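Visitor: I have a structure I would like to understand better, so I am pasting it below and will then ask my questions one at a time.
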Amino acid sequence: METSSSGESTPKRHSRHGSSGRALPRRSTRGPLDIGDAPIPVPSPTSTGHSLPHQSSSLLSPSTSQYMTPRLPSPQPGSNLSTLTSPSFRTAHSTLSQNPLSPSRSPSLAPTKNFSFLLRPEIYHPLTLLDVPPPFRVSSLQPDPATPLPDLVGSGNFRSAAIKAAQLLTSPDLSPSLPADIATIFDLIYTRLSCLTLCGQTALAAQEVKALEDLNSSYYRDEEGRHLVPWELRVLAVRLQGMGFNDARRGVMGYYELAREARLTLTSLKKSRTLTLSLEGDGDGEEKADVDVDVDDILEAEIKKWETRLQELGIKVASALVEMDDLEGAARFLSTLSPSSDSASLSSALESQKALLYLCLGDVEAARSCISVRKEENEAKVILALAHMADSDFTSAVTIWNNLISSPESTELPMYRQNLGVCLLYLGRMSEAREILEALVEENSSFHALTFNLSTIYELCTERSRALKIGLAEKIAALPERGGEKANGDFKL
């Protein structure tokens with residue numbers, strides 16, 4: 001305040017002072033550049049280029065030790081966003097931030113993938129014996145704990161295989177960063193999820209698959225852009241994640257993403273095949289010809305594999321629409337499906353799959369039209385018999401099933417006889433149906449449809465159906481080839 005000569009104080013006027021020549025200290029702030037990411041790359045000690053002037057590390061990154069860290073990608077699945085400076089996060093590789101094929105990339109700085117977040121024991125739920133029928137709980141009927149995993153899957157012991165896969169995933173023998181062990185991890189996860197689905201524990205599989213998070217993330221690809229996760233696991237995860245996150249449309253979108261990748265791969269393979277064919281005439285030696293033949297065979301096999309995958313994705317989209325109860329959308333989508341190639345086998349398989357889905361939709365005439373051009377094949381006769389059953393024309397269906405059973409070319413006799421028994425059941429010939437299904441059990445057949453339909457007959461025949469169903473479970477448990485483990489749902493218990 002200034003004092004006038006009269007003794008009164010007056011407010012101080014604003015005045016601009018000249019610079020004193022001393023810069024004010026910069027306030028300590030943190031921004032996007034402070035999270036361990038220097039915008040100006042520091043050359044390595046062996047670089048021959050001109051050195052840059054010294055920059056203060058306090059302005060750009062917390063410590064100078066992070067200069068040699070690759071550019072940070074999006075957080076890896078399962079990472080904690082509050083620990084951005086953890087080594088496992090900083091060393092993650094992103095294909096968007098750095099070209100893996102760049103010649104200036106130093107091998108010593110190549111980041112490694114770490115999938116330890118998939119090996120946490122809390123991810124994998126324990127399986128109880130509550131869903132197992134009492135006759136199958138006997139310890140003598142349980143597989144040996146030392147049985148290899150492939151043998152458990154091959155023998156149909158899916159519950160034991162799921163338990164074994166979880167034990168292997170949580171064992172300390174796996175290294176989550178070694179390439180060989182990474183492939184083993186994903187194979188075990190696929191076995192675990194598929195076996196849970198096959199043994200009636202789809203709800204548990206839908207919860208466990210959440211640990212994979214976004215499989216389209218660049219973190220799941222190697223330095224050359226190839227996906228580290230097997231195709232079968234990616235396809236299975238789409239459906240299970242849609243169920244786990246209670247978002248059926250997520251599954252449809254996931255199938256479309258996979259279909260886009262399949263089309264891009266097919267386009268690339270076909271271009272390579274065209275280029276190979278155009279260069280075949282350039283070599284005139286026998287060795288060159290042999291190499292060309294080998295390359296052609298490999299390309300043709302890859303093209304056929306991806307065409308099959310693309311076609312199967314179309315069927316899975318239609319199946320997902322059926323599960324969403326969007327029957328009209330599923331019917332429209334099925335009408336647009338066409339074979340992905342001129343292969344007769346692919347075309348035949350697609351038409352059969354479409355026919356079965358049309359039967360699920362209740363469009364019997366559309367199902368018949370799918371097999372109209374090949375009515376003499378056994379596969380077409382099966383679909384035609386199912387169409388008769390859908391129309392409640394069980395007499396015509398019985399005729400077709402009997403013809404298939406007597407045919408020397410038939411390879412699925414248990415299935416034909418089981419369907420014949422179902423037709424006889426609907427015609428009121430229950431005793432004949434029961435004899436046919438019980439005879440199949442005596443012949444070591446014990447698939448799900450057979451035990452379920454026979455249990456239904458027991459419920460219709462007597463009020464003591466539970467005792468008969470328990471007896472059926474005991475009989476199948478005593479079979480030398482019982483087809484693996486069973487669940488209560490197989491016997492309607």
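Visitor: Using 0.36 nm times the number of residues separating LYS475 and LEU413, minus their current alpha carbon distance, what extension gain do you get? Don't skip to the end; give the middle numbers.
Guide: Values: separation 62, 0.36 × 62 = 22.32 nm, distance 2.13 nm.
Extra length available between LYS475 and LEU413 comes to 20.2 nm.
Visitor: Under a crude label model (7 Å from the Cα following the beta-carbon direction), how far is GLU302 from ALA203 in nanometres?
Guide: 4.4 nm
Visitor: Stretch ASP325-GLU432 to full length: gain in nm at 0.36 nm per residue minus the Cα-Cα span?
Guide: Between ASP325 and GLU432, full extension yields 34.9 nm more.
Visitor: Still on this model: Which of the pairs LYS270/LYS375; LYS113/LYS270; LYS354/LYS469; LYS305/LYS354; LYS305/LYS486 have their Cα atoms more than 24 Å apart in this structure? Each step should come with its number before you reach the end.
Guide: Details: LYS270/LYS375 34 Å; LYS113/LYS270 32 Å; LYS354/LYS469 35 Å; LYS305/LYS354 20 Å; LYS305/LYS486 34 Å.
Checking Cα-Cα distances, LYS270/LYS375; LYS113/LYS270; LYS354/LYS469; LYS305/LYS486 exceed 24 Å.
Visitor: Per-residue HN-Hα couplings for segment 400-409, Karplus 6.51 cos²θ - 1.76 cosθ + 1.60 at θ = phi - 60°, whole Hz, x for Gly and Pro?
Guide: So the Karplus estimates, Gly and Pro as x, are 5, 5, 5, 5, 5, 5, 7, 6, x, 8 Hz.
Visitor: With r as the distance between the Cβ atoms of GLU257 and SER392 and R0 = 51 Å, compute the FRET efficiency 1/(1 + (r/R0)^6) and round to 0.05. List each step's numbers first, then the result.
Guide: On the way: r = 41 Å, r/R0 = 0.81.
For SER392 and GLU257, the calculated efficiency is 0.80.
Visitor: Which trypsin sites (Lys or Arg not before Pro) does segment 294-383 hold that lie in a coil by DSSP with at most 15 other beta carbons within 10 Å? Don't jump to the answer; show the numbers that get you there.
Guide: Numbers: sites: LYS304, LYS305, ARG309, LYS316, ARG332, LYS354, ARG368, ARG374, LYS375, LYS381; in loops: LYS375.
Those that pass, being in a loop and sparsely packed, are LYS375.
Visitor: Between SER338 and ALA146, take the C-beta separation as r, use R0 = 56 Å, and let me know the FRET efficiency to the nearest 0.05.
Guide: On the way: r = 50 Å, r/R0 = 0.89.
E between SER338 and ALA146, to the nearest 0.05, is 0.65.
Visitor: What aspartates and glutamates sit close enough to LYS271 to cross-link, taking a C-alpha to C-alpha distance under 14 Å and skipping anything fewer than 8 places away on the same chain?
Guide: List returned: ASP296, GLU300, GLU302.
Visitor: What's the extension gain from GLU232 to PHE245 if we count 0.36 nm per residue and subtract their Cα-Cα distance? Intermediate results must be reported in sequence, preceding the final value.
Guide: On the way: separation 13, 0.36 × 13 = 4.68 nm, distance 2.00 nm.
So the chain would gain 2.7 nm between GLU232 and PHE245.
Visitor: Which residues' amide hydrogens lie under 5 Å from the amide hydrogen of ARG221, considering only partners 5 or more residues apart or on another chain, with H built in the peptide plane?
Guide: Amide H neighbours of ARG221, under 5 Å, 5+ apart: LEU228.
Bear in mind these aren't lab numbers, they're just calculated from the coordinates by the rules spelled out. Nothing here was measured: the structure is a model prediction, and the numbers come from that model. Quick reminder, even Gly has a Cβ in these numbers, built from the backbone with ideal geometry, and neighbours come from all protein chains shown.
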